[in-house]
Amino acid sequence: MGYYTVWVRSLSYRGHEALTYSSARPLMPGSLVLVSLQRESVLGFVDHEVSKPGFATKPISHVFDLPALPAQLLAQAKWLQQFYGTSVGVVGQQLLPNALTDTAISKLKPVVANTFSTDLSPLTPDQQIVVNETTEPDTYLLHGVTGSGKTRIYIELALRTLRTGKSALILTPEISLTSQLTASFRHVFGDQVVLLHSQLTPAQRVQVWLRILASGGRHQALGSRELNSSASRLAPSALSSDPSTSSPVPLVVIGPRSALFSPLSNLGLIVVDEAHETAYKQEQAPYYHAVRVASRLAYEHGATLVLGSATPSVGDYFLAEQRHKPILRLDKLATPHDHAPTEITVVDLKQRDQFTRNSQLSTPLLLAIQGALSRGEQSLVYLNRRGTARVVLCENCGWQALCPHCDLPLVYHGDSGRFRCHTCGHSEPIVTSCPVCGHPSVTFRSFGTKAITEEVQRLFPEARVQRFDTDNLKAERFEQHYENVKAGEVDILVGTQLLAKGLDLPRLSTLGIVLADSSLYIPDFSATERTYQLLSQVLGRVGRGHVQGHSVIQTYHPESPILRAAIEQDWDTFYTTELSERRKFHFPPFYHLLKLSCRRASAKSAEAAAEKVKIAILSQFPNIEVDGPAPSFHEKLQGKYQYQLVVKSTSRSDLLSVIQLIPKSGWNYDIDPVNLL
């Protein structure tokens, strides 16, 4: 009888140690098994063999006839559990499919290699330089302006990687972007491209996962048929990619952050496209960030990691500089053209005479859309969805209510009639007239894409208008309509930030930004960076060399240095200024953050509970900072009140120790949050 520790896939198991089970036959690390846990049968994987414990153990009930999980993935699981201070059950949920059966395994089709297409556009001189610079396994920050051809570089690097027999992993922040990316890669690699994301059906997802696992060639694994056999030796898995030669078949796996946990056994390249995007941060346990996990995965495989973005994260850029990692720049468009530079019109929202036909869409914007329609071109009307939160500003001079301690936007709370900072807890009475100009036009603004879509359709009744945002039903989502949009079958697109990322639509000529300042009104340290990134990204959807571009930007702050930096693509000035602000107010990359949130039946009890934990933290860690208690951005959720603490330290290990102090019931934590909302 052998004894093995098993990592289970179950949120009900919150322990930090693997569970021990018994087996009458030897098992390899990474073997996939079914075990009994609290009267349930759950999926798990074997970690390692141990000595007979001093307690009774349950037997492993089933061993799947599959290759073992790659050793690198097992190492990744242990690192993830320790780095984010999470449970074994949560990590198991990341690594393993929702359900696995022998029936599903029997349906798996063999992985077959094919001949790669070389029908590719030639690399530009700048692209060739980047490819030549990435010959050694390392972390490379690829800083390329929108339209510079980063995807072409990814394909070239993947081609080089797969020719050596290794696989490539391409991450994208949004499922909506997978259609365009997958089409580009399948043109070259054919069926060796697999797509893995949450919108596949459970059966489809299991088949893709199994195909990835099987692609690594023949592994030694114990099949379920051996459980009742007298044989004591391991049998070859029934799932070899090529039974005659057992040679591995490299793949290109494309997907969002969850694809990081694909069971790839021989990984040579990881690309994190649009690496600055906050969508790479998981907002539930284990609260991991894909860039961090990708970096560790590349280390385990000895693979090349490329972080691509037109607007890199301030933190990533700073770390690359500090660690002397290669920063590769692409400053020119990849598509040669003779068009004039994109015409950019800035409309001051305070000048209401510019809004003669509609209160939210300016006359210059409507004229630009009309011109695009007459030429048979497309228009994009963009509104940052996060700007739907209430904001307090003066329509006359543009003044905004800011926290004097954090320099972050204050939020209006109607129940108390006060402005509050959701980071430090500062509050002050509301004002009825502007404290700067004295004008009685202090207003609470909110916009929505649905209302904008209705107005656009009313103003242009003959146009084909389509809205794309997170409220879309499955059949309405952008990835379902990508080919139609690309072919010009939609005249006017209305959408949120999912349309601002990485799309290359050759017929798109006109862009309208309804409220360029919207993300600046979010009460968070990341608001300035997010505003610069979103503006730069959405401005990059036009003027890509296909047709002449025209952008109309509506703003309350036409003189804003953030807006000017985005228009002029002045990354260096923005980066220097933002780093100075982060250093001054003790935010990343100079400090590590931990957000602690508690929920109680009343606001008073939530605040008291948070204050008690704050005292406990400071008594044991007097050298760290604790801001709050303050109401969470969403102060009331599911009938309960939420208060939060923000813990800052130059030592991340101290924050992991702080996590151990918080009560288990009614509290949540997020280490390394990308925002404090």
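Brief remarks follow.
- Qualifying residue in region 131-139 (condition: in contact with an Asp or Glu (Cβ under 8 Å, 6 or more places away or on another chain) and over 30 Å from D654 (Cβ atoms)): yes
- Of the helices (runs of 4 or more DSSP H) that lie entirely inside region 123-214, those containing 3 or more residues that are over 20 Å from T304 (Cα atoms) span 178-189, 202-214.
- Yes/no for P631 being touching a Phe, Trp or Tyr at 6+ places or on another chain (Cβ under 9 Å) and either acidic (D, E) or buried (at least 19 other Cβ atoms within 10 Å of the Cβ) (or both): yes
- As for region 46-63, it holds at least one residue that is in contact (Cβ under 8 Å) with a residue 60 or more places away in the chain and touching a helix residue (DSSP H, G or I) at 6+ places or on another chain (Cβ under 9 Å).
- From the list A565, A610, the lone residue that is of a type in the set (G, A, S) and within 30 Å of W399 (Cβ to Cβ) is A565.
- Against the criterion of being within 30 Å of D491 (Cα to Cα), buried (at least 17 other Cβ atoms within 10 Å of the Cβ) and either within 31 Å of the chain's Cα centre (by Cα) or modelled with pLDDT of 65 or more (or both), R445 qualifies.
- Looking only at region 546-575, and only at residues there that are among the polar types (S, T, N, Q) and over 27 Å from E377 (Cα atoms), the one that is surrounded by the most Cβ atoms within 10 Å (Cβ to Cβ): S560
- Scan of region 331-364 for residues that are touching a residue at least 12 places away in the same chain (Cβ under 8 Å), more than 20 Å from L503 (Cβ to Cβ) and surrounded by 15 or more Cβ atoms within 10 Å (Cβ to Cβ), ordered by number: T345, V346, V347, D348, L349, K350, N358, Q360, L361, S362, P364
- Assessment of region 582-594 against the conditions (hydroxyl-bearing (S, T, Y), surrounded by fewer than 23 Cβ atoms within 10 Å (Cβ to Cβ) and outside any loop (DSSP other than H, G, I, E, B)) yields no matching residue.
- The single condition among (1) assigned to a helix (DSSP H, G or I); (2) farther than 18 Å from T555 by Cβ; (3) of a type outside the set (D, E, K, R); (4) modelled with pLDDT under 85 that G371 does not meet is (4).
- Residue within region 450-460 that is exposed (fewer than 14 other Cβ atoms within 10 Å of the Cβ), in a helix (DSSP H, G or I) and at pLDDT 85 or above present: yes
- Residues located in region 130-154, provided they are over 22 Å from R296 (Cβ atoms), in contact (Cβ under 8 Å) with a residue 24 or more places away in the chain and either surrounded by fewer than 21 Cβ atoms within 10 Å (Cβ to Cβ) or out of contact with any helix residue (DSSP H, G or I) (no Cβ under 6 Å at 6 or more places or on another chain) (or both): V131, E133, H143, V145, T146, G147, S148, K150, T151, R152
- Scanning region 303-355 for residues that are part of a strand (DSSP E or B), more than 23 Å from the chain's Cα centre (by Cα) and of a type in the set (S, T, Y) yields one hit, T345.
- Of all residues making up region 557-577, the number that are among the acidic types (D, E) and in contact with a strand residue (DSSP E or B) (Cβ under 8 Å, 6 or more places away or on another chain): 0
- From the list V347, V293, the lone residue that is closer than 30 Å to F419 by Cα and of a type in the set (V, I, T) is V347.
- Selected residue (only one of G540, G502 is modelled with pLDDT under 85, at positive phi and in the same structural domain as L366 (by TED's automatic domain parsing)): G502
- When residues of region 273-302 are limited to those that are charged (D, E, K, R) and assigned to a strand (DSSP E or B), the one nearest to G85 (Cα to Cα): K281
The values are calculated or read from the model by the stated rules, or taken from the named source; none is laboratory data. Everything numeric here is computed off the predicted structure, so don't read it as measured data. Cβ: placed from backbone, ideal geometry, glycine included. Neighbour counts: every protein chain shown.
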